[in-house]
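Below: one structure, written as structure tokens.
The values are calculated or read from the model by the stated rules, or taken from the named source; none is laboratory data. The structure displayed is predicted, hence computed values, not measured ones. Cβ placement follows ideal geometry from the backbone for every residue including glycine, while neighbour counts extend to all protein chains displayed. The accessibility values were calculated without ligands, DNA or RNA, using every heavy atom of the protein model including side chains. Shrake-Rupley method; radii C 1.70, N 1.55, O 1.52, S 1.80 Å.
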Amino acid sequence: MRWCWFRNLGVLVGSLWGLYAEAQPWIHPIAGRPLSSGVFGELRTNHLHSGLDYRTGSEIGVPILAVANGHVARIKTSATGYGLALYLDHPGGYTTVYAHLDRYASPIAEWMKARHYQYLQFELDMTLNPHELPVKQGQIIGYSGNSGGSGGPHLHFEVRHTLSEDILNPQHFGLRLIDHAAPFVQSMQLVQIPGIGYSDEVLERTVLYPDQEPAAKVRSKKKRKGKRSSKRKRTASNPQRKPNPNKATYLLTQEGYPVDTLKHPTHLLRYPAYLELMARDRQDSNELTTGVYRIVILQNRDTVYEFRADRFHFDQTRYGNSVMDYVARIKDRSQKHRCQRSPGNFLPMFGNTKRNGLLFPSGQGPMDSVQAWCYDFNGNSIGYGFTIAADSLGPSTTKAYHPRTHAPHQGLSRTVGGFKVNIPPGTVYDSISLQIKTLPPSLGAVSQHEYLLHDPRIPVHQAFEVRLPAKPGRLHPCLRNKVLLRTRGLSGQIAHLSGRWEGDHYHAQAKMFGRLDLVLDTVPPTIRSLLKPKELRRQRGQSLYFRIQDGVAGIADYRFCAGDAWILPAYDAKNNLLEIRLDECIPLGKQSMELLVTDKVGNSRVHRFPLEIEDAVRPIDNPPKP
């Protein structure tokens, strides 16, 4: 009887602890004032940003903290993507992700190192049981870095729903950024298109902001030392303007009324239009800017478009290609938001949207008022207004457009000569009329022709199958496994993709429209040692560095051995840098070192050299990473 009472008490205490752990407020994963260089839902190339990027002052090695109690559920090391990443499961059904780490903290580091030597591999994706590596809130779990596809030292942090794997905005979990300033608009354009499903076919574009004004002549005056101008400098973070009747837009009060009483010009529309804008936000004490949380477009005070960065699934991340101005993003990496919803875009971030976000005069009066509002997560906002009216001339007869044959929900298959393409439903965001052109083969290609598949300015949501014929008599049978599909898209985008042979035709999965052909890769990777020629002796704790590259297929595998002993490498693909840390697993004495690098079609290169390994008898003076 007494045992049952103690057991029930234990169950009760465990349940209360679980409820406490679930209700415990989360903390930021980095100590101190949280500063971010990227927020949830920002428009990135071929994806939406899925978390918060915490700044680390461009430093590597800043301690990373567990935001709440939980356990390590997954550890992944990769030369690309998230690099060294940790996944923690927490009570309440949420998972947090910590990416681009430089290294793991103890005891996670020892656990993962044992798995590296167990599988003799650097790139691993390991799942753990809940009892293996528990963590407490505030515990150091790793150190910030620049691993994987990171563009600079920082911590990429995510929150996911554990079961559905939906990605959630971390600021909904109390991880607020300190921000008291309103967002600001860098550019705004009114884009006229034929209608819904034609967002890529621009008929007319009107710049609304910044206003196009002739440059005024200003006399240069020498400033006296020690005196500052009393005039406030107009910057991107201070977008307020003097009232001017020639301005294309006007600022709005928080109630939605113009800040001035001047009469501004009305914009005449011949076709449906959407707003394309680029808005940014800046947190307190942060010189860097980030994206905004919410965008709302109103016509006559009625919401026609709303975008709110709350949640999405990884399968939906490429829908961002339809939200952004894709061509501008590829060419200059800008983040222009197209305030319209393409028929093939099912991103859950869209709120109350009418007519797919398109604007057109309602006919209920001589003109319609339009308002564009941008909000950050803390509710700070900025609004611009303007008016539109129908052009009495009607649609232009010189800007004719052709009806398109295939909607986004329809599949499409087309064959031209020996070339064939199969586009499954849901691949494109707007309607298309697929175009295929046959071009002469490029120099060095082994395909019968080069093919221009549709328009490289049109983004795709998923991979689609293509079939290309090989050039007759050009390819020796023993070289068939060295062939790759080469796709060339907008602004020099190049991808080499592996596939399979069916007779004399090569099948592969392409991920962009553009020029397609087949190329042969028989050149092995290159290896360049960064060890000085006269350095024949190293100590444990030091590192060896190598530059490894492959110009076509890409690196597939790399193995480093000291004698017969496999040594753990660390590969940074973006910098083509391979690091070999001489740890306690490497044998002492004179060793014959061997580095074997293999590309994705089986070409390989070996680099051998002698090196004497000594035990560390004093603190190691390890040179910085190249």
task: Restricting things to alpha carbons, tell me how big the stretch 82-137 is in terms of Rg and Dmax, in Å.
output: 11.8, 36
task: Quick one: net charge around residue 591, please, counting Lys, Arg +1 and Asp, Glu -1 for every other residue with C-beta under 13 Å from its C-beta.
output: +1
query: Pick the calculated mean projected area of the Cα convex hull in nm² for this structure from [x] 42.2; [y] 60.5; [z] 29.3?
result: [x]
- prompt: So how much accessible area does residue 420 have, in Å² to the nearest 10, using a 1.4 Å probe?
  reply: 70 Å²
- request: Provide 346, 560 ordered by accessible surface of protein heavy atoms (probe 1.4 Å), highest first.
  value: 346, 560
message: Suppose the chain between residue 511 and residue 33 were pulled fully straight at 0.36 nm per residue; how much longer would it get relative to their current alpha carbon spacing?
response: 168.0 nm
task: Distance from a point 7 Å along Cα→Cβ of residue 404 to each backbone N in the stretch 500-514: keep the residues under 19 Å and list them by number.
output: 511-514
- request: Express in % the proportion of alpha carbon pairs of the stretch 236-395 at distances exceeding 26 Å.
  value: 31 percent
- prompt: With +1 on each Lys and Arg Cβ and -1 on each Asp and Glu Cβ, how big is the dipole of the chain about its Cα centre, in debye rounded to the nearest 20?
  reply: 2380 debye
Cα-derived Rg over Rh, computed across the stretch 439-564 with Rh taken as Kirkwood radius: 1.13
- line: Subtracting the Cα-Cα distance of residue 369 and residue 328 from 0.36 nm times their residue separation yields 11.9 nm
query: Efficiency by 1/(1 + (r/R0)^6): what FRET value for residue 205 and residue 442, r their Cβ-Cβ distance, R0 = 25 Å, to the nearest 0.05?
result: 0.15
- request: Report the label-to-label distance for residue 502 and residue 604 in nanometres (one decimal), using points 7 Å from each Cα along the Cα→Cβ vector.
  value: 3.2 nm
- request: Place the peptides 275-283, 381-389, 118-126, 486-494 in order of packing, highest mean first, counting for every residue the other Cβ atoms within 10 Å and averaging per peptide.
  value: 275-283, 381-389, 486-494, 118-126
- prompt: When only the heavy atoms of the protein chains count and the probe is 1.4 Å, how do 306, 110 rank by accessible area, highest first?
  reply: 110, 306
FRET efficiency estimate (nearest 0.05) - Cβ-Cβ, residue 545 to residue 140, R0 41 angstrom: 0.90
query: Going out from 0 in 10 Å bins, what whole percent of all Cα-Cα distances in the stretch 475-626 drops into each bin?
result: 10, 33, 26, 16, 12, 3, 0
- request: Filter the trypsin sites (Lys or Arg not before Pro) in the stretch 532-568 down to the DSSP loop ones having no more than 12 other Cβ atoms within 10 Å, then list what survives.
  value: 534
- request: Express in % the proportion of alpha carbon pairs of the stretch 447-488 at distances exceeding 17 Å.
  value: 43 percent
- prompt: What does the charge add up to near residue 611, with Lys and Arg as +1, Asp and Glu as -1, over the other residues with Cβ less than 13 Å from its Cβ?
  reply: +3
task: Putting +1 on Lys and Arg Cβ atoms and -1 on Asp and Glu Cβ atoms, find which of 106, 383, 296 reaches farthest to the positive end of the dipole of the chain.
output: 383
- prompt: Per the helix-only calculation at 222 nm, which mean residue ellipticity applies to the chain, given -39500 (n - 2.57) for every DSSP H run of n ≥ 4 and division by its residues, nearest 500 deg cm²/dmol?
  reply: -2000 deg cm²/dmol
message: So for the chain, averaging the separation of alpha carbon pairs under 8 Å that are six or more residues apart and normalising by length, what relative contact order in percent results?
response: 11 percent
query: Under the Karplus relation 6.51 cos²θ - 1.76 cosθ + 1.60, θ = phi - 60°, what is the ordered set of whole-Hz ³J(HN,Hα) values for the stretch 268-277, x standing for Gly and Pro?
result: 8, 10, 9, 9, x, 9, 9, 8, 10, 9
task: Would you kindly state how much longer the chain becomes between residue 180 and residue 114 on full extension, computed as 0.36 nm times their sequence separation minus their alpha carbon distance, in nm to one decimal?
output: 19.0 nm
- request: Using the charge dipole of the chain (Lys, Arg: +1 at Cβ; Asp, Glu: -1 at Cβ; taken about the Cα centre), state which of 278, 75, 427 has its Cα farthest towards the positive end.
  value: 278
task: For 476, 409, 71, 49, write out the residues from largest to smallest accessible area, computed with a 1.4 angstrom probe and no ligands counted.
output: 409, 476, 71, 49
- prompt: Just going by the charge dipole of the chain, with Lys and Arg at +1 and Asp and Glu at -1 on Cβ, which of 184, 321, 503 is farthest out on the positive end?
  reply: 184
- request: Ignoring everything but the protein chains, give the 1.4 Å probe accessible area of residue 336 in square angstrom, nearest 10.
  value: 50 Å²
- prompt: What is the calculated FRET efficiency for residue 390 to residue 435, with r their C-beta to C-beta distance and R₀ = 45 Å, to the nearest 0.05?
  reply: 0.85
Lys, Arg +1 and Asp, Glu -1 on Cβ, resulting dipole of the stretch 368-445 about Cα centre, debye, nearest 20: 580 debye
- request: Would you compute, for the Cα atoms of the stretch 376-451, the largest minus smallest coordinate along each principal axis and list the three values in descending order, in whole Å?
  value: 56, 44, 30
